[in-house]
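Everything on this sheet refers to the single structure shown next.
The values are calculated or read from the model by the stated rules, or taken from the named source; none is laboratory data. In this text the structure is predicted, and so the values were computed from the model without any measurement. Cβ placement follows ideal geometry from the backbone for every residue including glycine, while neighbour counts extend to all protein chains displayed.
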Amino acid sequence: MTDYLNELETFWDEFAEEYEAIQQESIFPIAEELRDFLLAENLLPCQTFLDLAGGAGRYLSTLKAYVEKYDLVDLSAEMLKLAAAKSNSTVQLIKNDQKNFLSQIKQRYSIVFSAMNPALQTKEELLDFCQASHDWCLILRVITDEDQLFSPYEEINSDLLLNERYKAFLNELHIPYLTKKFAYTNYEEVTRDFFQEYFLEEFSPVELAKITEKTFGNKQQKMNQQSLVFELIYFHGPKTYNENGF
């Protein structure tokens, strides 16, 4: 394993419990709504399902009942320990990095699925992902994550644009695809003090005073609206592949 992969594994091992806590606290029912959509579209039930970079198994709990054999692959042993608590006899947990696993794959799955996968970046990685399926490929990512109070002063996360990159790759490869969006809205009160503390290291005192005044006026708290949109890209995996493409 390379130094980079060792560092990546260490990061996710150390972050695993906090990451799981964040997922458990999420009020957005994306796993349940994804399951319902896949059932409605007759993608589920299926025989074999690959959850690539499946982490602590956020989608495992809701999908495993509709899969005869569910393989979850992740680099982090600590993530897999958390996923084990959600597993049953149909689930196999596999510790491996994405590139190594896909290069050694001996079976193709009914469905290959990956959600918020930081290792799915290039066309080559997308091709390797596609080749693991003999039927459906599913990619799920957040494409919008913004709110009214904080987002105007934050840099846009480039990961929000990854689905557009995947679509461009698929278009270049002449692979037709479908999409489905899952949109959520949440409201919460934010205090003036919290807002200032949040941006304390980002702006000078003068700049922070200006944006605080612009945002809150003479109010001590304000309602903040958060918008979160997931997008699923789903398509049939290619039947054949060679070094020149599909």
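Details
- In the set (1) out of contact with any strand residue (DSSP E or B) (no Cβ under 8 Å at 6 or more places or on another chain); (2) assigned to a strand (DSSP E or B), Lys219 fails one condition alone, (2).
- Scanning the stretch 130-188 for residues that are over 23 Å from Val112 (Cβ atoms) and among the small types (Gly, Ala, Ser) turns up Ser151, Ser158, Ala183.
- Some residue of the stretch 64-75 being at positive phi, free of Cβ contacts under 8 Å to residues at least 40 places away in the same chain and not charged (D, E, K, R): no
- Matching option when the condition is closer than 29 Å to Asn163 by Cβ and at pLDDT 95 or above, among Leu200, Leu208, Leu232: Leu232
- Note on the stretch 75-92: among residues that are at pLDDT below 95 and either assigned to a strand (DSSP E or B) or among the charged types (D, E, K, R) (or both), the one that is surrounded by the fewest Cβ atoms within 10 Å (Cβ to Cβ) is Lys81.
- Candidates are the residues of the stretch 154-197 that are among the hydroxyl-bearing types (Ser, Thr, Tyr) and farther than 17 Å from Gln225 by Cα; the one that is modelled with the lowest pLDDT is Ser158.
- Restricting the stretch 1-59 to residues that are among the acidic types (Asp, Glu) and modelled with pLDDT of 75 or more, the residue that is farthest from the chain's Cα centre (by Cα) is Glu41.
- When Lys106 is tested against (1) basic (Lys, Arg); (2) part of a loop (DSSP other than H, G, I, E, B); (3) surrounded by 14 or more Cβ atoms within 10 Å (Cβ to Cβ), exactly one condition is not met: (3).
- Candidates Pro176, Pro152, Pro238, filtered to the one that is assigned to a loop (DSSP other than H, G, I, E, B) and surrounded by 11 or more Cβ atoms within 10 Å (Cβ to Cβ): Pro238
- Test: residue in the stretch 133-146 that is within 17 Å of Leu173 (Cβ to Cβ), in contact with a strand residue (DSSP E or B) (Cβ under 6 Å, 6 or more places away or on another chain) and of a type in the set (Gly, Ala, Ser): yes
- Within this structure, Gln226 fails the test of being out of contact with any Phe, Trp or Tyr (no Cβ under 8 Å at 6 or more places or on another chain) and surrounded by 16 or more Cβ atoms within 10 Å (Cβ to Cβ).
- Taking residues in the stretch 120-132 that are over 19 Å from Tyr70 (Cβ atoms), and partners anywhere that are of a type in the set (Asp, Glu), the pairs with Cβ atoms closer than 9 Å and at least 6 places apart or on different chains are Lys123/Glu172.
- Of the criteria (1) without any contact (Cβ under 8 Å) to a residue 12 or more places away in the chain; (2) more than 28 Å from Leu44 (Cα to Cα); (3) not basic (Lys, Arg), which one Asn171 fails: (2)
- Cys137 vs. criteria of a type outside the set (Phe, Trp, Tyr) and not in a strand (DSSP E or B): no
- Qualifying residue in the stretch 191-199 (condition: part of a loop (DSSP other than H, G, I, E, B), free of Cβ contacts under 8 Å to residues at least 24 places away in the same chain and either surrounded by fewer than 12 Cβ atoms within 10 Å (Cβ to Cβ) or in contact with a Ser or Thr (Cβ under 7 Å, 6 or more places away or on another chain) (or both)): no
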